[in-house]
Amino acid sequence: MLSSHFKFIFFVLFLFLIGCEKPNEIIDNEDLKSNLIQTYIDNARDTNNSVKDRNNNLEKAYGIYSTLKDDTFKVGKIHEISFGYYALKNYDKYKELNEKALKLSGLINDSLNMARSYAYLGIYYRRSELLDIAYENFYESEKIYSKINKEIYDAKEITFDHGKVLIDMARILQRIKAYSESEAITIKAIESFKESENERYLPLSYSNLGIIAKYFEQYEKAIEYHFKAIEYGKKNKKEISQTVTSYNNIGIVYRSEKKYDKAKEYFTLALEFEEFLAKNPATYARLLDNLAHVNFLSNDTSEIPELFFKAFRIRDSIDDKQGMITNALHLAEYYKAQEQDSLSAQYAYMAKDISVEISNNEELLKSYQILSEVLKSDEGVKFAQAHIQLNDSLQKDERLFKDKFARIRYETKEIAEQNQQISRENEILIIAILGLTALFLLGYIIFRQQQSNKELLFAQTQQEANQEIYRLLLNQQIKLEEGRQLEQKRMSEELHDGVLGRLFGVRLSLDGINQRANDGFTEARNKYIDELKFIEKEIRLISHDLGTESLQPDVAYIDAVESLISDLCEANSINFEFTNDENIDWEHIDDQKKVNLFRILQESLQNIFKHASAKTIKINFDYLEDKINLTILDDGIGFKSTKVKKGIGLKNITSRVSQMSGVVQFLSNNNAGTKVSVSVPI
């Protein structure tokens, strides 16, 4: 530590002495500037220095780098300074410097540093959860890496860096559930890492393949990939971390496969790394929760709910909100199975509140489902409706998100094809005019080249404009989403702090009055009943703001219905008959009714596929007495009519029919098939 400071002081004194003799040479001496910048960067990297000192050294390096001439070396120094800011968690400065590096790389035609700058910006946006912008930057980086002439640079280093960009792209695609594309890009990343003879990221790559294989229900393949991750993890410094992670992933695969004993075995194996887990409480809590959950699924209640509570306390102590949601949902499931509906609802409400706080809509959807199943009819229907609305919204958002990624790839590919087409036209042109005179040949080539350059410049300008428009639209969508979340939070606080508190107070008051036998309290009772009516009106006003999704105007409704039936029945190998009454004028039917009928049909088909073991389904729309009647008949095993009101699917159907002021009947007996009849007024 002291020796490095003495060297630095000596170096500064040396510069000062030389400066006294030849000041003009110091200003122009690029080597001295570079050495001074590097000294500041090295001091900033030294973790023995205070954060303030490290920041000061980076600012000094940043102040000098701008005086360097514009070349590849300068870009490299910008990258090094940006890494220093990233280590100090000054991510905005990191982003600013890499944007400057990207711009400078483009000005000096440094393709390698352009690729690196795009990749580093991708890391920034990935950390900020702006996955589409992160993917766009990684995609631009990958395009450049795939075209770089490796003979000019260190081939192994370029190939390794290319692999890192590919695995970053693959992990983003896995997160947005584009599994097929993620799998293909992960395989390309593995090939790059093996070609570069650097296996550092192979464990991560095989873990990603294992996660994808599980979603495809290729369980044996998933386990094989996770064991490969362990094997390659033994070759680097993170062997224990990778082993624990892979054992946990293997346990999850076996849990999905319902091989609960094998799942317990691997969760237990992971828990044996006590020293590592003591330093990583989040991982320890995850393993405890997974072990408890698989015990619950296998009806082994010997350590339940103690393991759940232990995991929950750890996650609460480290403020792991995502983990707390998972724990709360598992406890809600456990108490629901124990028929302790009040405790189940308590933990489901907890999961709901935390999900709203951190904007985790997928877990919020699960909490709505549990609440719809354990609460009494009115409350259950309310959460069933919330589940329907959120599920529809999430499906729409998922489609839009995937469309954004597809658009990024399509637009870039389109520009590349246009450039290739221009290049081919130039080659054909050159060949066609070879027989002309030298003067004509020279003039024609110059003319065509100028035209081609103008066309290319125009296309590039258009692309830049399109990218800017896309970014503006994306920012607008983000602001709209933030507004929606704030409104959702406001409504939640209104219901929780205002309405529920008043309901609770009124209930206590009525309970106190009801315990008295004196009829003199009639006036007081009427007062509280009026208050309850007012609160009911307030709830309706708050709920009135909720919107509903409508069908797109350019969709042929009956074609969409027939396509849904055909696709689902074909996928599940079930015969079907579908008829539609031509007297129904679908174009003039209210969009919301069409959406609800579509969702009812979709939910009914899913119930048949999951539970009925049917061979044939008959579906019919007919028009009678100003009513649309939907009939869904299957020849499956049926069910007891006493169970009609159980399950989120049937509650969803009942809720949707109620919204349309219609009626629904579920007619079924064991081994006698099932008939769902829906009648809706136009």
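A few points about this structure:
- Boolean, Q389 is of a type outside the set (V, I, T) and under 25 Å from Y284 (Cβ atoms): no
- Pairs meeting the criteria (first residue in segment 166-187 and farther than 20 Å from E129 by Cβ, second residue modelled with pLDDT under 90 and among the acidic types (D, E), beta carbons under 7 Å, at least 6 apart or on different chains) are lacking.
- Within segment 231-256, the set of residues being more than 26 Å from the chain's Cα centre (by Cα) and either buried (at least 20 other Cβ atoms within 10 Å of the Cβ) or in contact (Cβ under 8 Å) with a residue 60 or more places away in the chain (or both) comprises Y232, G233.
- The number of residues in segment 46-58 being surrounded by 15 or more Cβ atoms within 10 Å (Cβ to Cβ) and within 25 Å of Y125 (Cα to Cα) comes to 3.
- Looking only at residues in segment 582-596 that are open to solvent by less than 40 Å² (accessible area, probe 1.4 Å) and in contact with a Leu (Cβ under 6 Å, 6 or more places away or on another chain), the one that is modelled with the lowest pLDDT is V595.
- Only one of K100, K89, K156 that is open to solvent by 70 Å² or more (accessible area, probe 1.4 Å) and at pLDDT below 90: K156
- Residue in segment 338-345 that is farther than 30 Å from S302 by Cβ and open to solvent by less than 30 Å² (accessible area, probe 1.4 Å) present: no
- When segment 351-360 is filtered for residues that are in a helix (DSSP H, G or I), surrounded by 17 or more Cβ atoms within 10 Å (Cβ to Cβ) and in contact (Cβ under 8 Å) with a residue 24 or more places away in the chain, the ones remaining, listed by number, are A351, I354, S355, V356.
- Residue in segment 391-400 that is surrounded by 15 or more Cβ atoms within 10 Å (Cβ to Cβ) and within 27 Å of F598 (Cβ to Cβ) present: yes
- Search result, residues across segment 190-207 that are touching a helix residue (DSSP H, G or I) at 6+ places or on another chain (Cβ under 7 Å) and open to solvent by 50 Å² or more (accessible area, probe 1.4 Å): E195, E197, N198, E199, Y201, L204
- Of the helices (runs of 4 or more DSSP H) lying entirely inside segment 128-220, those carrying at least 2 residues that are of a type outside the set (A, V, I, L, M, F, W, C) and farther than 21 Å from N249 by Cβ are 131-147, 155-175, 179-196.
- Restricting segment 110-153 to residues that are under 17 Å from E96 (Cβ atoms) and among the polar types (S, T, N, Q), the residue that is surrounded by the most Cβ atoms within 10 Å (Cβ to Cβ) is S117.
- Selection from segment 208-228 of residues that are crowded, with 24+ Cβ neighbours inside 10 Å and among the small types (G, A, S): G210, A222
- Of the helices (runs of 4 or more DSSP H) entirely within segment 244-337, those holding at least 2 residues that are closer than 21 Å to E363 by Cβ occupy 281-297, 306-317, 321-337.
- Those strands (runs of 3 or more DSSP E) of segment 590-682 in which 1 or more residues are out of contact with any strand residue (DSSP E or B) (no Cβ under 7 Å at 6 or more places or on another chain) and of a type in the set (K, R) are absent.
- Test: residue in segment 100-109 that is in contact with a helix residue (DSSP H, G or I) (Cβ under 8 Å, 6 or more places away or on another chain), in contact (Cβ under 8 Å) with a residue 24 or more places away in the chain and farther than 25 Å from Y40 by Cα: yes
The values are calculated or read from the model by the stated rules, or taken from the named source; none is laboratory data. Remember, it's a predicted structure, so these values are computed and weren't measured experimentally. FYI the Cβ positions are ideal-geometry reconstructions off the backbone, even for glycines, and counts take in every protein chain you see. Remember, those area values only see protein heavy atoms, side chains included, never the ligands or the DNA or RNA. Shrake-Rupley method; radii C 1.70, N 1.55, O 1.52, S 1.80 Å.
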